[in-house]
1. Distances over 17 Å make up what percent of all Cα-Cα pairs in the chain?
2. Relative to the longest principal Cα axis of the chain, at what angle does helix 50-59 sit, 0 to 90 degrees, rounded to 10?
3. Compute the signed sum of charges (Lys and Arg +1, Asp and Glu -1) over the other residues within less than 9 Å, Cβ to Cβ, of CYS14.
4. With contacts defined as alpha carbon pairs under 8 Å and 6 or more residues apart, what's the relative contact order of the chain in percent?
Amino acid sequence: MGYHRNARRVGIACYTEPLDLPLKGYGTVKAVIFEEPDDIMIELMSLPSATEVLVYRQQRGK
């Protein structure tokens, strides 16, 4: 998650390190929470690709 590194470099407060979160039926998503300059909290999520989802489901027989 390069945006996490970039946000910290320019002084944006990040509340979490990038997290790997399980999403039932899809696999793992990556997420990070930070506060932008106007005090608004933002959560960015990176979803698995369609191929990663297919592989995840095939491995679990779904």
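Where a number appears in this text, it was derived from the coordinates with a stated rule and is not lab data. Note that this is a predicted model, so its numbers are computed, not measured. Cβ sites come from the backbone with ideal geometry, for glycine too, and all protein chains shown count toward neighbours.
1. Working: 889 of 1891 pairs.
Here the long-distance tail beyond 17 Å is 47 percent of all Cα pairs in the chain.
2. Rounded to the nearest ten degrees, it is 50.
3. Working: positive: ARG8; negative: GLU17, GLU35.
Charge balance in the 9 Å sphere: -1.
4. Numbers: 82 pairs, mean separation 15.9, N = 62.
Averaging sequence separation for qualifying contacts and normalising by length gives 26 percent for the chain.
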